[in-house]
Amino acid sequence: MNSGAAWRPVLGNRWALVLAAPLLLVLGGLVLYPLVKLTVDSLTTGSGLGNYAAVFESSAGRRSLATTFVAAALVTLAAIALGGLLAWYIRTARSATVKAVLWLAVLVPFWMGTVVKNYSIVLLLSAEGPLNQLSQTLGLGSVSILYTSTAVAIGMVYTMLPYAALTLYGVFLTVDETLLAAARGMGASRLYAVRTVLLPLALPGIVAAAALVFAISLGFYITPVLLGGAQTPFIASFIGDYIFTFFDFPVASAAAVVLLVAALAVLAAALVLVGRGRLARAVG
Amino acid sequence: MEMDRFCRLRGRPPAAPSGARARGVLCATLALLAALGVAACGSSSSKTTLTIGDWGAPIDEATQKSYLTPFGAETKTGARFVDAPGEQQARVEAQNKAKKIEWDGLDSVGGGAAYALAAAHDLAPLPAAMKAELERELTPKYVTPWGFAHANLGYVIVCNTAKMTTCPANTTQFFNTKAFPQPRMFGGIEPIEEATEAEVAAGMPISQTAATPVDVKAVIKTLEGLKPAIKVFWQSGEQQVQAMRSGQVDMGIMWSNRAYELAAEGVKVKIVWAQGVYEPSFWTVLAGAPHEQTAFKLLSWIASHPKNQARWAQEVHVSVPNPLALDYIPKSFAVQLADNPVNYNQLAVPNFSWYAQHGTELNTAYENFLRG
């Protein structure tokens, strides 16, 4: 029995709005409202703009911001490089076993709880851990990187690797492998082919993945606490201290807004750098 | 009533047998739910349930077994825990901000947090008669105008004897990095205890710390001298144990309960109480608590049951205030407790009253010392 009106896969604006309404409500209530309130509180409670001054006047605040940004940048570079390699090997591997092993390497960090993941790194890096024992066996002396920024960076790279690899795998799927074969066939070296064919095609996706990894890396909390200790300054720990130890919510709000603005600035920069259209195509 | 009416109306002669069966099942279900609801209402109205802001396991379990179960059996009072480890002060302040106090009491809230809450008038003052009774039972040193000390421990020096032939004999020596250059650990959280350590190391007698305002600049200067030798600033008891166990540090300041747990694991350590710091925690009732009087009864009950306190102390490895509790604790265990006079007399008590008023100054300075 035909009702008369033809079925169309695309919803009209009104129905689309009705179906999206619950999501928009959740987004508004759980994301937008808290962020607006956070910003308003940071400007209207405590000493107002002085809350921001307190963040930047405190040597701990300045160092935390600097360490967080430098660590996030380094972690982004490392995660994109390692994740890119993993993603490309998964994309091009012909053996199902190799693919399965590589997928495991990417997904295992996802399956582990944050605390377990970080404690496993504590065991690896501790004074009586295998890394130090290996170093001493090789006559390289004692390696002591637990409770330093380096330990935090290692933990963050391990956590961020799946984000980078999964995003880049999607990007590499859009690259036609035969173009690389054609470049090789026309005499290009492997490196030249990658630089002139693969990278330009994948660049928007790489920038999108880097922006994602960088923005998430800015907000790490548990990894700096467990692997860096109290003396390693990260902005999330700084905010945590102002909330849970000092109960100074206005300064904590100001520091959180600084972090938020920085993350948004990175995403905006990625948008400008790559162009909206290319970025949208790259991330599907 | 409404449901009864619904069933009677719907119970008129059915149009079809299957419809009648369905309605019958529906009515029976509603009747059962109503009966359960009445029973639930009845039970909740006859029994007070206290809400306690607590630490999670193992404190919750020990408190339940040693205090709440026997107290509940005597008084027909129930209790439920809300776990807020290290966040009790923040959670109470949030309840005040929302103008809705949901908790009745705090189990063993840390000294710094307790004094800060008291200064903000967030804790209910003890009734005069009850305070006098507590002072009689526990001795006045454990009783404040808003609660009593409970779950007390010491900040002690712990040395790994496999790595150190000589251990610092006191806090002054612990701060001497020339005589003891070994890597060590130190507290990285609420800094009043660390400030007290620094005061003692700089020469203040332990008998004076509780009443002397903290000279923040002098404290930070003393700590700066120690900082190059500090490899780990711990943020939890587990981190203290892990840093010693893994050989990350050769010595450090630890909580006494964690120090003895480490020794019990088989790690060869020497534990030094001399010039350590006493850290009390407190049982308190919140101002505006829904069941304030019952909560006070619970506090009185705990204070007056030394045997239960002894059981609690042995479960969680920290000290309790009733002097008679020591009679129920094996001597080998009693020597590990901060309230044992042998240990207590060697400890400096922080000036928590000063900290409640000037906490921001010390916190900010310590944060900059730690991470700046």
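Each reported figure results from applying straightforward, stated rules to the coordinates on display, with no laboratory input. Everything quoted here is computed from the prediction, not taken from an experiment. We place every Cβ from the backbone using ideal geometry, glycine too, and count neighbours over all the protein chains shown.
Observations
- Take the convex hull of the alpha carbons in segment B:217-372; its mean projected area over all directions comes to 11.8 nm².
- With eigenvalues of the C-alpha gyration tensor scaled by 5 and rooted, segment B:50-101, Å: 23, 14, 5
- Build a GNM of chain A with springs between Cα atoms under 10 Å apart, and of A:VAL274, A:VAL36, A:VAL55 the one that fluctuates most is A:VAL36.
- Taken as entire DSSP H runs, the helices of chain B that both span 20 Å or more between Cα atoms along their own long axis and average 0.5 or more on the Kyte-Doolittle scale are B:17-46.
- Measuring spread by the Cα atoms of segment B:128-279 yields a radius of gyration and Dmax of 16.7, 54 Å.
- Calculated [222 nm] ellipticity per residue, helices only, for chain A: -23000 deg cm²/dmol; basis is -39500 (n - 2.57) per DSSP H run with n ≥ 4, divided by all residues, nearest 500.
- Once backbone amide H atoms are built at 1.01 Å from N, B:GLN248 has A:ALA127 as its partners under 5 Å, excluding neighbours fewer than 5 places away on the same chain.
- Placed amide H near B:GLY78: partners under 5 Å, 5+ positions off or other chain: B:THR48, B:THR49, B:LEU50
- For segment A:134-269, the Rg and Dmax computed from alpha carbons only, in angstrom: 20.8, 66
- Packing-based exposure ordering (other Cβ within 10 Å, fewest first) of A:SER237, A:SER135, B:SER332: B:SER332, A:SER135, A:SER237
- Sorting the segments A:181-187, A:158-164, A:141-147 by their residues' average number of neighbouring beta-carbon atoms within 10 angstrom, most packed first, yields A:158-164, A:141-147, A:181-187.
- Fluctuation leader among B:GLN235, B:GLN346, B:GLN88 - chain B, Gaussian network, Cα springs under 10 angstrom: B:GLN235
- Stokes-Einstein, applied to the Kirkwood radius of chain B over Cα pairs at a viscosity of 0.692 mPa s and 37 °C, places its translational diffusion at 143 µm² s⁻¹.
- Computed P(r) (all Cα pairs; segment A:1-67; 5 Å bins; percent): 3, 13, 10, 11, 11, 10, 8, 7, 7, 6, 4, 3, 3, 2, 1, 0
- Cα-based values for segment A:50-282, radius of gyration first and Dmax second, are 20.4, 66 Å.
- Residue with peak Gaussian network fluctuation, chain A [Cα springs, cutoff 10 Å], from A:LEU199, A:LEU82, A:LEU191: A:LEU191
- Partner lysines for B:LYS97 [C-alpha distance under 18 Å; skip if fewer than 8 residues away on the same chain]: A:LYS37
- Legend: residue pairs B:LYS217/B:LYS270; B:LYS65/B:LYS131; B:LYS141/B:LYS297; B:LYS231/B:LYS331, Cα-Cα distance threshold 30 Å; pairs beyond threshold, B:LYS217/B:LYS270; B:LYS231/B:LYS331.
- Relative contact order of chain B, taken over Cα pairs closer than 8 Å and 6 or more residues apart, is 24 percent.
- For A:ARG91, A:ARG8, order by how many other beta-carbon atoms lie within 10 Å, fewest first: A:ARG8, A:ARG91
- As a rough footprinting exposure proxy, the listed residues B:GLU133, A:GLU128, B:GLU197, B:GLU367 were ranked by other beta carbons within 10 Å of their own, and the order from fewest upward is A:GLU128, B:GLU133, B:GLU367, B:GLU197.
- J(HN,Hα) series, segment A:231-241, from Karplus relation 6.51 cos²θ - 1.76 cosθ + 1.60, nearest Hz, glycine and proline x: 7, 8, x, 10, 5, 5, 5, 4, 5, x, 4
- Rg of the Cα atoms in the protein assembly as shown, relative to 2.2 N^0.38 Å, amounts to 1.19.
- Relative contact order, percent, segment B:58-201 [alpha-carbon distance under 8 Å, six or more residues apart]: 13
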